[in-house]
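**Q** Could you have a look at this structure, given as structure tokens, before my questions?
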Amino acid sequence: MKAAIILPVLLLFCFISGCQTHSTKPEENKAVGSLEDTPSLKSLASFNIGMAVQARQFDTHPESDKYLTILNQSFNQVTAEYEMKMHPIVANSLSNGQLVFNWDAPDRIANYARENNLKIHGHALVWHNEYATPDFLENWSGSDEEFTQLVLQWVAEMVTRYKDVVASWDVANEAFRDGCTRADDCYRDSVFYKHMGPDYIATVFQAAHDSDPEALLFYNDYGLTYDNIKRKAAMNMVDDLVGRGISIDGVGLQMHIDINFPSKSQIKKAMDDIAKRDLLVHVSELDVRANPETRQNFTFTKSHANKQKQRVYDVVKTFRNLPKANQFAITVWGFRDADSWLNSFWQSPQYGLLFDNQFNPKPAYDGFVESLK
Ligand code: XIL
């Protein structure tokens, strides 16, 4: 066919179809809708759609209905936002060196998941942060062997207790520093590093695998998109585990991004780096800050909403462009804007999530939907 014929035919086709299959932009200015007239994310996706949850959201009160409606409509995987970390479960150890567990909150989450046929992505077995590492480990004065035994006991108890419902685990979280100058000198100086040595990551991956050989095991971190040296350090560690035959199935990119940063190509590069190793990619803690300047008097405008929508659209599209075999899941880090950890972490309103405070889906939710079509 000659160009003179092809062009009008193409234009006519575009006119009829809207050329949607080639679009890289979501629709602008769509109004906030109600959940009832919004499509379900999980029914559109061929990978898991996760939500960060808190046990209180399963209690019986008027708001819990709303949380549960959203959860059941759109999500098929949950992650405990904090209640499966070590600090809230193991506040203490006894003098005979045994850990003392409080299973109340994690059991409520696990039971809800069991009863409602949701998978759990467990988060996180080893994390240096004060929200995750109990004070008695942070201030450890015993021997390195005793420290290691307690960590191994924790991993074994946790993974074994929930092996029927936790299908995957973040085994190690945020093990590398920001802004390193060398990839071979980038480990965070955590108590785990101090008492167990640089091989602590291999040790905990092996322990998790021993307790549940079926569970998919992940390394999870932030900043792997924009900090190339940190990503190199993490990938070297991953390659080392793989090379030694230690079970690791994927890498989680936390994806706490903002409306401008990091770039789409940085996000793509990090995803590609994981996928080319034949590992699973997890967008593990998605939120998009609308107020990166951390203004106190901040108004979330239509323009912010549309930028946020575009960002969610781009992240999901980039993920969907990976080979199917590498697409593990996308997990959103909370329900409503007001629920988000971002507001307290950045000490400013951030409007970072997919639902407004009345539980209505925001344009960002539509961005997720449109990128799945
Ligand atoms: C945050 C939770 O959202 C907060 O509720 C908690 O108090 C602290 O941790 N990276 C992670 C997550 O891996 O576990 C963090 O979650 C956010 C940053």
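What follows is calculated from the coordinates using simple rules that are stated; it is not laboratory data. These numbers were taken from a predicted model, which means no experiment stands behind them. Positions of Cβ are backbone-derived with ideal geometry, glycine not excepted, and every protein chain shown enters the neighbour counts.
**Q** Since C180 meets every condition but one in (1) buried (at least 16 other Cβ atoms within 10 Å of the Cβ); (2) within 16 Å of the ligand (Cβ to nearest atom); (3) in a loop (DSSP other than H, G, I, E, B), which condition does it not meet?
**A** (2)
**Q** Just to be sure I understand the filter: pairs with C-beta atoms under 6 Å, separated by 6 or more residues or on different chains, first member in segment 82-96 and farther than 19 Å from W333 by Cα and β-branched (V, I, T), second member away from the ligand (no atom under 16 Å from the Cβ) and not in a loop (DSSP other than H, G, I, E, B). Which pairs pass?
**A** V90/L99
**Q** State all residues of segment 238-285 that are in a loop (DSSP other than H, G, I, E, B) and among the hydroxyl-bearing types (S, T, Y); if no residue qualifies, say none.
**A** S247, S263
**Q** Name the pairs whose Cβ atoms lie under 8 Å apart, with the first residue in segment 340-352 and on the phi > 0 side of the Ramachandran plot and touching a residue at least 40 places away in the same chain (Cβ under 8 Å), the second in a helix (DSSP H, G or I) and surrounded by 16 or more Cβ atoms within 10 Å (Cβ to Cβ), and 6 or more positions between them or separate chains?
**A** Hits for this filter: Y351/H304; Y351/Q308; Y351/D337.
**Q** Do the conditions hold for D212, that is, is it farther than 23 Å from I109 by Cβ and surrounded by fewer than 24 Cβ atoms within 10 Å (Cβ to Cβ)?
**A** In short, no.
**Q** Tell me which residues, restricted to segment 241-257, are under 24 Å from H121 (Cα atoms) and surrounded by fewer than 22 Cβ atoms within 10 Å (Cβ to Cβ).
**A** Across segment 241-257, the qualifying residues are L241, V242, G245, I246, S247, D249, H256.
**Q** So is N116 among the polar types (S, T, N, Q), surrounded by fewer than 16 Cβ atoms within 10 Å (Cβ to Cβ), within 16 Å of the ligand (Cβ to nearest atom) and free of Cβ contacts under 8 Å to residues at least 60 places away in the same chain or not?
**A** Taking the combined requirement at face value, the residue does not satisfy it.
**Q** Restricting attention to segment 280-299, report how many residues are polar (S, T, N, Q) and surrounded by 19 or more Cβ atoms within 10 Å (Cβ to Cβ).
**A** 2
**Q** Something else about it: Consider E138 against the criteria (1) under 18 Å from S284 (Cβ atoms); (2) without any contact (Cβ under 8 Å) to a residue 60 or more places away in the chain; (3) acidic (D, E): it satisfies all of them except one. Which criterion is unmet?
**A** (1)
**Q** Scanning segment 65-89 for residues that are away from the ligand (no atom under 16 Å from the Cβ) and part of a loop (DSSP other than H, G, I, E, B), which turns out farthest from V159 (Cα to Cα)?
**A** Once the filter is applied, the top-ranked residue is F75.
**Q** Give the residue that is surrounded by the most Cβ atoms within 10 Å (Cβ to Cβ), with candidates limited to residues of segment 300-336 that are touching a residue at least 24 places away in the same chain (Cβ under 8 Å) and within 14 Å of the ligand (Cβ to nearest atom).
**A** Step by step, filter segment 300-336, then rank; the result is V332.
**Q** So is K276 more than 19 Å from the chain's Cα centre (by Cα) and either of a type in the set (A, V, I, L, M, F, W, C) or closer than 18 Å to L354 by Cβ (or both) or not?
**A** No.
**Q** Is there a residue being more than 16 Å from the ligand (Cβ to nearest atom), crowded, with 19+ Cβ neighbours inside 10 Å and assigned to a loop (DSSP other than H, G, I, E, B) anywhere in segment 194-202?
**A** No, segment 194-202 has no match at all.
**Q** Give the residues of segment 234-262 that are β-branched (V, I, T), under 23 Å from T181 (Cα atoms) and more than 16 Å from the ligand (Cβ to nearest atom), sorted by residue number.
**A** V238
**Q** Within segment 50-64, how many residues are charged (D, E, K, R), part of a helix (DSSP H, G or I) and more than 26 Å from V171 (Cα to Cα)?
**A** Within segment 50-64, residues that are charged (D, E, K, R), part of a helix (DSSP H, G or I) and more than 26 Å from V171 (Cα to Cα) number 1.
**Q** In segment 66-112, how many residues are surrounded by 14 or more Cβ atoms within 10 Å (Cβ to Cβ), farther than 30 Å from L137 by Cα and out of contact with any His (no Cβ under 7 Å at 6 or more places or on another chain)?
**A** The qualifying residues number 11.
**Q** So, in segment 216-233, how many residues would count as being within 16 Å of the ligand (Cβ to nearest atom) and either surrounded by fewer than 18 Cβ atoms within 10 Å (Cβ to Cβ) or not in a loop (DSSP other than H, G, I, E, B) (or both)?
**A** Going through segment 216-233 one residue at a time, the tally reaches 7.
**Q** Do you know which residues across segment 128-175 are within 13 Å of the ligand (Cβ to nearest atom) and either assigned to a loop (DSSP other than H, G, I, E, B) or surrounded by fewer than 22 Cβ atoms within 10 Å (Cβ to Cβ) (or both)?
**A** H128, N129, E130, Y131, A132, T133, E174, A175
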